[in-house]
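This report refers to the structure that appears directly beneath it.
The values are calculated or read from the model by the stated rules, or taken from the named source; none is laboratory data. Since we're looking at a predicted model, the values are computed, not measured. All Cβ positions, glycine included, derive from the backbone under ideal geometry; neighbour counts span all protein chains shown.
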Amino acid sequence: MADNAPWKGGRLGVFHLGRRYKDIGTDLGRVYEADDVHTGASSVVVMPGQGADWEPTEAWRVRVSSHLVPPHVALAVEQAPSAGRVPELSAMLDLLTSAVERLEKRPEVRIHLTRARIAPWRRWTGRARRLLRSRWPLLAAGLASLAMGGVLLWSPSAPESNDRAALAGNDASHPTPPELSVVNGDGTVLAATAFPMPDKPYSNQAKPPCRPRQGEVEINGGCWVELTKRPPCEDTVEYKGKCYAVVGARSPRPPQSIEP
């Protein structure tokens with residue numbers, strides 16, 4: 001019988017099934033409140049169960065109407081099988097009549113069947129709401145993944161060297177890299193790795209006035225010594241096609257007493 005069909009609820013043909021009407025007996029099967037998904041018309045759907053002595057074997061579509069002036073009822077056949085049998089049509093109407101008779105005293109059934117048709121925009125809103133309820137966990141997970149991806153994509157990141165440069169920019173001078181060649185007070189050049197010319201003096205670099213007689217020149221606020229070595233400057237700073245060594249900060253001179 002149809003009660004064994006693999007139907008899991010929701011949409012059934014052109015109908016969307018709502019609440020199931022219970023306590024009406026088991027001989028009819030399952031009876032549902034329904035709506036036509038195309039027209040929004042209020043409907044009742046009966047799915048014959050194992051206790052029913054009849055189930056459809058032919059596909060009929062009919063329209064029943066009653067009229068006041070003059071009083072009459074009409075059965076309009078909108079679709080019938082080419083070899084349809086009238087007893088099948090009669091059995092279908094008997095089953096529906098039995099279902100309506102068992103529901104006729106329920107106020108919720110009267111409200112459902114006599115309400116106005118559902119407008120198209122309300123049908124689509126209802127479908128969207130049901131879809132969101134059924135897919136919300138997946139949708140929430142997808143939105144969370146997109147949000148995390150956006151944060152990772154747009155969050156600023158900089159190499160560690162840039163962080164050091166930003167911190168150094170808050171100081172009046174750069175810390176002198178330990179690899180850089182430094183000319184100390186006695187003129188000795190210590191071995192170092194090549195570096196670009198900084199935009200301001202290092203923290204332990206001699207500041208102007210520089211000592212031209214000792215070969216010192218002022219560049220970007222610091223004292224440098226031009227070397228005879230030409231680029232590539234493997235152990236010194238390269239600047240405008242020349243190699244330079246940084247002049248180390250000088251020790252302050254002790255105060256000299258002035259004799260009277």
Hits in segment 9-62 (condition: free of Cβ contacts under 8 Å to residues at least 40 places away in the same chain, of a type in the set (S, T, N, Q) and crowded, with 17+ Cβ neighbours inside 10 Å): Ser43
Answer residue from segment 220-238, given it is surrounded by fewer than 19 Cβ atoms within 10 Å (Cβ to Cβ) and not in a loop (DSSP other than H, G, I, E, B) and is nearest to the chain's Cα centre (by Cα) among those: Glu238
Restricting segment 13-33 to residues that are assigned to a loop (DSSP other than H, G, I, E, B) and among the aliphatic types (A, V, I, L, M), the residue that is modelled with the highest pLDDT: Val14
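Scan segment 207-219 residue by residue and report those that are within 56 Å of the chain's Cα centre (by Cα) and within 19 Å of Ser251 (Cα to Cα). Walk me through how you get there before you give the answer.
So the first thing to find is which residues in segment 207-219 are within 56 Å of the chain's Cα centre (by Cα), and the list is 207, 219.
Within segment 207-219, just Lys207 meets the criteria.
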Members of segment 34-74 that are part of a strand (DSSP E or B), under 15 Å from Ala99 (Cβ atoms) and among the aliphatic types (A, V, I, L, M): Ala34, Val44, Val45, Val46, Met47, Val64
